[in-house]
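Okay, so here's the structure we're looking at.
The values are calculated or read from the model by the stated rules, or taken from the named source; none is laboratory data. As the structure is a computational prediction, the values presented were derived from the model and not from experiment. Here Cβ is always computed from backbone atoms with ideal geometry, including for glycine, and neighbour counts include all displayed protein chains. Surface accessibility is based on the protein's heavy atoms, side chains included, excluding ligands, DNA and RNA. Shrake-Rupley method; radii C 1.70, N 1.55, O 1.52, S 1.80 Å.
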Amino acid sequence: QVHLVESGGGLVQAGGSLRLSCAASGGTISSYHMGWFRQAPGKERESVAAITRTGSPLYQSDSVKGRFTISRDNAKNTVYLQMNSLKPEDTAVYYCAAGSLGIKTIRGEYDYWGQGTQVTVSS
């Protein structure tokens, strides 16, 4: 079992920045591809960005490219999402996920999920 706990969400004005953290326990994240997802009220969950075990990009949403950056620190067993130039449309619950098989993670089929952290961007 791998337990993922997100933190760093909150309320920020448009144009501001936040850094989300995803801390893992019960396993070493070096064994997993990692991804960030988000879900706004009444909408489907969407993939934001994903990163391989070794730090290569797996996916980046066009809507956040150039503004958000996914990174990982395997020594700290933590993955991050740096969010800059935030827009009101970025408001959502953000989830961290871990996946062991590349073909499945590409499809959004991850093995472990966190419970999410709320990000609210005001205009």
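Looking at (1) open to solvent by 30 Å² or more (accessible area, probe 1.4 Å); (2) in a strand (DSSP E or B), which one does Phe37 not meet, given that it meets all the others?
Failed condition: (1).
Filter the range 84-98 for residues that are in a loop (DSSP other than H, G, I, E, B) and touching a residue at least 60 places away in the same chain (Cβ under 8 Å); which is least open to solvent (accessible area, probe 1.4 Å)? Let's see the steps before the verdict.
Just the residues of the range 84-98 that are in a loop (DSSP other than H, G, I, E, B), to begin with: 84-87, 91.
Checking the rest, the ones that are also touching a residue at least 60 places away in the same chain (Cβ under 8 Å) come to 84-87.
Numbers: Asn84: 59, Ser85: 63, Leu86: 4, Lys87: 79 Å².
Ranking the qualifying residues of the range 84-98, first place goes to Leu86.
From the list Gly42, Gly55, exactly one residue is at pLDDT below 95 and over 17 Å from Gln118 (Cα atoms). Which is it? Please lay out each step first, then the result.
Values: Gly42 fails: over 17 Å from Gln118 (Cα atoms).
Answer to the check: Gly55.
Could you grab me the full set of residues in the range 40-62 that are among the polar types (S, T, N, Q), in contact (Cβ under 8 Å) with a residue 12 or more places away in the chain and part of a loop (DSSP other than H, G, I, E, B)?
Thr52, Ser61 - these are the residues of the range 40-62 that are among the polar types (S, T, N, Q), in contact (Cβ under 8 Å) with a residue 12 or more places away in the chain and part of a loop (DSSP other than H, G, I, E, B).
Could you list all residues from the range 1-30 that are at pLDDT below 95, open to solvent by 40 Å² or more (accessible area, probe 1.4 Å) and not hydroxyl-bearing (Ser, Thr, Tyr)?
Matches in the range 1-30: Gln1, Gly26.
Only one of (1) touching a Lys or Arg at 6+ places or on another chain (Cβ under 8 Å); (2) more than 26 Å from Thr120 (Cα to Cα); (3) crowded, with 21+ Cβ neighbours inside 10 Å is not met by Leu81, so which one is it?
(2)
Taking interchain pairs and intrachain pairs at least six residues apart, which have beta carbon atoms under 7 angstrom, with the first residue in the range 110-123 and closer than 16 Å to Tyr80 by Cβ and the second of a type in the set (D, E, K, R)?
Close Cβ pairs (under 7 Å, with a partner that is of a type in the set (D, E, K, R)) amount to Gly114/Glu6; Gly116/Glu6; Thr117/Glu6; Val119/Asp90.
Identify the residue in the range 57-78 that is β-branched (Val, Ile, Thr) and open to solvent by less than 40 Å² (accessible area, probe 1.4 Å) and, among all such residues, is farthest from His33 (Cα to Cα).
Val64
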